[in-house]
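Novice: Structure incoming, see below.
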Amino acid sequence: MAITPEHQTSEAAALYEVRGQVAIITLNRPRALNAVNAALSTAVGTLLEQAEADADVRVVVITGSGRAFCAGADLKALSAGESTDADGHPEWGFAGYVQHWISKPTIAAVNGFALGGGTELVLASDLAVVDENAQLGLPEVKRGLFAAAGGVIRLQQQVPRKVALEIALTGEPITAAQGKELGLVNRVATAGTALDIALELAEQIAANAPLSVRESKSMIHRTATASDWEPDVWAANAAAMKVVFTSADAQEGPLAFAQKRPAVWTGR
């Protein structure tokens with residue numbers, strides 16, 4: 001059953017809402033600073049699947065309730081020997097999110113505390129909007145751990161390697177503004193407006209042809225570490241072109257432009 005506002009309760013580990021063509025997934029353990037336990041991972045992963053299956057949803061925004069975005073793993077659960085994996089889906093990774101591919105763009109709306117696992121959710125998202133007062137960072141080395149939910153893998157892909165090494169090896173946080181300068185953050189939001197700004201960005205994306213957006217996201221991720229001279233890269237590019245350029249939307253876009261009217265996308 002879809003989780004709609006009338007079915008939501010304060011006990012749900014994650015909430016789901018659709019505004020227009022944008023789905024919002026809200027981590028909902030505010031008293032625990034949205035720390036990740038099995039219930040939260042299961043809820044988030046399930047809601048991602050719901051958003052992916054809904055043809056009317058074109059972008060997914062993930063945010064947190066209360067004053068935190070995500071404080072990382074629930075240490076109480078871990079100390080009790082409990083798993084934090086999604087029920088039946090360990091392959092989805094931390095928070096049911098960091099290894100959970102969906103074809104639609106994802107935006108992290110970082111409303112507050114986001115060190116450690118919270119930063120790893122940011123790194124796993126396609127785009128990031130961060131509250132001006134929030135900090136990002138991987139302090140795991142200060143606890144005798146390391147950022148194993150994708151932090152040490154993805155950080156070096158998104159900022160210069162020496163910067164990634166400094167962040168990972170010192171464990172010191174960076175500000176939202178520093179994240180913007182490094183290219184880790186797309187927008188720095190005035191305090192309290194991260195979700196609003198993320199929704200504005202999501203609506204800009206959702207206004208575009210969904211097949212074009214989907215294949216653009218896929219190609220960028222698939223070729224991120226590949227040489228532009230590799231034959232496999234161009235084979236993948238040709239396959240994406242076939243999907244997009246033979247679609248009804250590829251005919252609608254130029255026609256709408258010529259007729260000076262908004263395009264009506266069907267996603268076909």
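Novice: Cα centroids of segment 100-179 and segment 20-84: how far apart, whole angstrom?
Specialist: That distance is 16 Å.
Novice: All other residues with a Cβ under 12 Å from the Cβ of V61 taken together, and with Lys, Arg as +1 and Asp, Glu as -1, what is their net charge?
Specialist: Values: positive: R19, R58, K104; negative: E17, D126, D196, E200, E203.
Surrounding charge for V61 is -2.
Novice: Now for a separate question. Suppose R0 equals 30 Å. What FRET efficiency, 1/(1 + (r/R0)^6) with r the Cβ-Cβ distance, do T170 and E200 give to the nearest 0.05? If you can, show how the numbers build up before the last one.
Specialist: Details: r = 34 Å, r/R0 = 1.13.
Calculated value: 0.30.
Novice: Within segment 19-42, whose backbone N sits under 12 Å from a point 7 Å along Cα→Cβ of D54?
Specialist: Counting backbone N atoms under 12 Å from the label point, the list is 19-26.
Novice: Could you work out how much longer the chain between W229 and F245 gets when fully extended? Use 0.36 nm per residue separation minus the Cα distance between them, nm to one decimal.
Specialist: Values: separation 16, 0.36 × 16 = 5.76 nm, distance 2.26 nm.
Once the chain is fully extended between W229 and F245, it gains 3.5 nm.
Novice: Build a GNM of the chain with springs between Cα atoms under 10 Å: which of I24, I220, I205 gets the top mean-square fluctuation?
Specialist: I220
Novice: Local charge sum around T223 (other residues, Cβ-Cβ under 10 Å, Lys/Arg +1, Asp/Glu -1)? Mind dumping the intermediate values first?
Specialist: On the way: positive: R222; negative: D228, E230, D232.
Spelling it out: positives minus negatives among the neighbours equals -2.
Novice: If you take every residue apart from N237 with its C-beta less than 13 Å away from the C-beta of N237, what net charge results, scoring Lys and Arg +1 and Asp and Glu -1? The partial results should precede the final answer.
Specialist: Numbers: positive: R222, K242; negative: E215, D228, E230, D232.
Every neighbour counted, the sum reads -2.
Novice: So, one more: To the nearest 0.05, how large is the calculated FRET efficiency for A256 and R19 if R₀ is 25 Å and r is the Cβ-Cβ distance?
Specialist: Working: r = 24 Å, r/R0 = 0.97.
The computed FRET efficiency comes out at 0.55.
Any read-out appearing in this document is the output of simple, stated calculations on the displayed coordinates, not a laboratory observation. Model, not experiment: these values are computed from the prediction. Counting neighbours? That spans all protein chains shown, and the Cβs are built from the backbone with ideal geometry, glycine included.
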